[in-house]
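What follows is a short report on a single structure.
The values are calculated or read from the model by the stated rules, or taken from the named source; none is laboratory data. The structure presented is a predicted model; accordingly, all values stated were derived computationally and were not measured. For neighbour counting, all protein chains shown are included, and Cβ atoms are generated from backbone atoms with ideal geometry for every residue, glycine included.
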Amino acid sequence: MTRRLLALWRETVANLIARPATTTSAIVLLSTLFLLVFVNEHNTSATAADYADQLRHDGMFVYVIQASTGAALNATDCVSLNQLDGVDAAIAMAGPVNAHLYAEAGPVIPVWFTTGPLAQFTANLAAHPGTHPKPTTGAIDVDSNIGRIGDQRVVGLSFPTGTTTPTLVDVDIVDLSPLGDGLAGNALIPAPRQAPQPSVCLITTADDSRDAIATAAALAFPKTDGFSQRWALSNAERFEDGRTRFETRPSLVTWLAATIIVCVLFAMYARLRRNDLAVYAANGLRPGKVATIGTLEILIVNFIATAIAAAAATIMVHTNHTSGLPVQAASAALARVCIATALVAAPVVALMRPRSIIDALKDR
Amino acid sequence: MTASGLGYRLPTGRTLFEHVELRLDPGDAIAISGPSGTGKSTLLWLLGNLLTPTAGRVDISADHPQPYAWVLQGLNVLSARTLLDNSALCNTIDGVPPRVARTRATEAVDALGLTSLARTRLRNVSGGELQRATVARALASTRPVILADEPTNQLDRDNARLVMELLDNERHHNRVVVIVTHDTAALPSTIRRAELTPGGLVE
């Protein structure tokens, strides 16, 4: 049994080697197709991910509750929203108070006094490298021109209290643009004891919790009590969110389309090999084993094409230093198409098997 | 091998032949001739189970899982493979160890005067050489029945005689040999002869 299987394997390999042009063409064609699936899925996923990042940057997930004149916004109520599922971080803000940067003669910078997990809040604003949560004391917008995003600085702030010595504050340099253009160049620092009354509650939400958080916030800070609510990104509800765009990207079915194309290629290959397979059948090889030779030929070609495509994809990923979701999505698509094409090889060969050995032998 | 009441009707409705009776024992060789279009090749395919008869039956008792070795007018080759690979094919299919299959194939190739072409791919050989290649495969195998369809129609007289003699010689190895041919002049006198007519085989 093993000897006969080994003989089939040897025949298959010998057939592939005996027709180098056909074999090489098939491998090149398949590996190119597989690689195209990978690249297409990578690029489409990257575009969707960029779109999601842009939405996040524009304030898609920042909910703003403001107290109108006369309404009292309690910082504790705002910060208690951190207990809700779907809230990444909630902070209360008071201000702004104009302070001088570095010294009394330094540039004026609006400073907001915050209550709540500020570092966590700023880290959630945008998916920028370097903005990881850190036990820090404050944040300052990158437009203040004192450093780059992710840098840490100790800055001196001179408040208009009459003291001449600047208050030294540790700050992360972050991008506050998701909160709106009005906060360009502003600083957020933890509120001192004598801070003004908060007027704004800001919440960053998880991607899939926007509606739930908006509803909860509306209950906690009702309009009838003088509060207004909105997303930092105007008309955010009209935008397709990044996750939906990613999950409904048309390239999701590219692997399926590629599999169908490969099925056609396999059928053409099996048609090309019809005569030789009929020779095996005429010489007494049982139909199952004839099909095994045809299937093995295709599977070997498919396997080599898969290996080449995977190697090329790996090189591309390392060369371009790409990573994350697009690479995962592209790898999944590549795996899908490679597995699916391997699975369809046997059915295609069976479907294309000659009904008449004599006809197949004459069909040169 | 026995054929009893064997007949074949084409899908068009035309009956090629009927009432063919044939009995062949180990060591028998028969040459079947007849005018073109009488169905000689079809009869061979019926005997070799490549086609299903529309009348009658073919019975064979052999202890070999695959009893037939074919010589099929140059159609029956793996053209991208070498002469030696093709000659060893039946043995490969029968699970004969590769070295033994190779040795038998080499002997058959040598016997047919094709030694210099042993490692040549069959797509690069002439029609006559291709025909001898299919004969080499039948000779190299140990299957009990050789079915040869016009094994000499592209060969010169000397090669035709050589092929016929080699096939006839297989009788001495207790094999059954059935040859369909127009070339009765090349047949050794020791081979039984029969003519296929629409009404059956006439010996």
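Checking each residue in the range B:15-58 for being under 11 Å from B:PRO198 (Cα atoms) and not acidic (Asp, Glu) picks out B:THR15, B:LEU16, B:PHE17, B:HIS19, B:VAL20, B:GLY34, B:PRO35, B:GLY37, B:THR38, B:GLY39, B:LYS40.
When the range B:161-197 is filtered for residues that are among the polar types (S, T, N, Q), within 18 Å of B:SER41 (Cβ to Cβ) and in contact with a Pro (Cβ under 8 Å, 6 or more places away or on another chain), only B:THR181 remains.
Criterion first (surrounded by 17 or more Cβ atoms within 10 Å (Cβ to Cβ) and farther than 30 Å from B:ARG143 by Cα) does A:SER331 satisfy it? Spelling it out, A:SER331 is indeed surrounded by 17 or more Cβ atoms within 10 Å (Cβ to Cβ) and farther than 30 Å from B:ARG143 by Cα. Of the numbered criteria (1) modelled with pLDDT under 75; (2) out of contact with any Lys or Arg (no Cβ under 9 Å at 6 or more places or on another chain), the one A:ALA139 fails is (1). Does A:THR322 satisfy the condition of being touching a His at 6+ places or on another chain (Cβ under 9 Å) and polar (S, T, N, Q)? Here the answer is yes, as A:THR322 does meet what is asked. The set of residues from the range A:281-339 being among the charged types (D, E, K, R) and closer than 30 Å to B:ALA69 by Cα comprises A:ARG286, A:LYS289, A:GLU297. Say we look at the range B:50-102 and pick out the residues that are more than 7 Å from chain A (Cβ to nearest Cβ) and in contact with a Phe, Trp or Tyr (Cβ under 7 Å, 6 or more places away or on another chain); which of these is nearest to B:ARG121 (Cα to Cα)? That would be B:PRO53.
The one condition from (1) in contact with a Cys (Cβ under 8 Å, 6 or more places away or on another chain); (2) of a type outside the set (A, V, I, L, M); (3) more than 30 Å from B:LEU147 (Cα to Cα) that A:THR319 does not meet is (1).
Quick one: would you say B:THR106 is among the hydroxyl-bearing types (Ser, Thr, Tyr), within 9 Å of chain A (Cβ to nearest Cβ) and surrounded by 14 or more Cβ atoms within 10 Å (Cβ to Cβ)?
no
In the range A:194-219, the residue that is modelled with the highest pLDDT out of those that are in a helix (DSSP H, G or I) and surrounded by fewer than 16 Cβ atoms within 10 Å (Cβ to Cβ) is A:THR215. For the range B:37-44, the criterion of a residue being over 25 Å from B:SER141 (Cβ atoms) and modelled with pLDDT of 90 or more is satisfied by at least one position. For B:ASN124, the test of being farther than 22 Å from A:LEU285 by Cα, more than 15 Å from the chain's Cα centre (by Cα) and within 14 Å of chain A (Cβ to nearest Cβ) is passed. Among residues that are touching a strand residue (DSSP E or B) at 6+ places or on another chain (Cβ under 7 Å), within 24 Å of A:ARG4 (Cα to Cα), of a type outside the set (D, E, K, R) and within 14 Å of chain B (Cβ to nearest Cβ), A:GLY284 is included.
B:THR152: within 15 Å of B:SER33 (Cβ to Cβ) and buried (at least 23 other Cβ atoms within 10 Å of the Cβ), yes or no? For B:THR152, the condition - within 15 Å of B:SER33 (Cβ to Cβ) and buried (at least 23 other Cβ atoms within 10 Å of the Cβ) - is met. Summed over the range A:1-48, residues that are under 29 Å from A:ARG336 (Cβ atoms) and touching a Gly at 6+ places or on another chain (Cβ under 7 Å) total 1.
Give the range A:276-334 a look and list any residue that's in contact (Cβ under 8 Å) with a residue 24 or more places away in the chain and of a type in the set (Lys, Arg), or say none. Passing the criteria: only A:LYS289. For B:ARG143, the test of being farther than 18 Å from B:GLY48 by Cα and either touching a strand residue (DSSP E or B) at 6+ places or on another chain (Cβ under 9 Å) or assigned to a helix (DSSP H, G or I) (or both) is failed. Cβ-Cβ contacts under 8 Å between residues 6 or more apart (or on different chains), taken from a first residue in the range A:1-25 that is surrounded by fewer than 18 Cβ atoms within 10 Å (Cβ to Cβ) to a second residue that is not in a helix (DSSP H, G or I), are listed as A:ARG3/B:GLY95; A:ARG3/B:PRO97; A:ARG4/B:GLY95; A:ALA14/B:ARG81.
Looking at A:SER234, is it of a type in the set (Ser, Thr, Tyr) and either within 25 Å of A:ALA105 (Cβ to Cβ) or in a loop (DSSP other than H, G, I, E, B) (or both)? So A:SER234 passes the test. Which one is farthest from B:LEU147 (Cα to Cα) among residues in the range A:243-290 that are at pLDDT 85 or above and among the polar types (S, T, N, Q)? Taking the candidates together, the pick is A:THR254.
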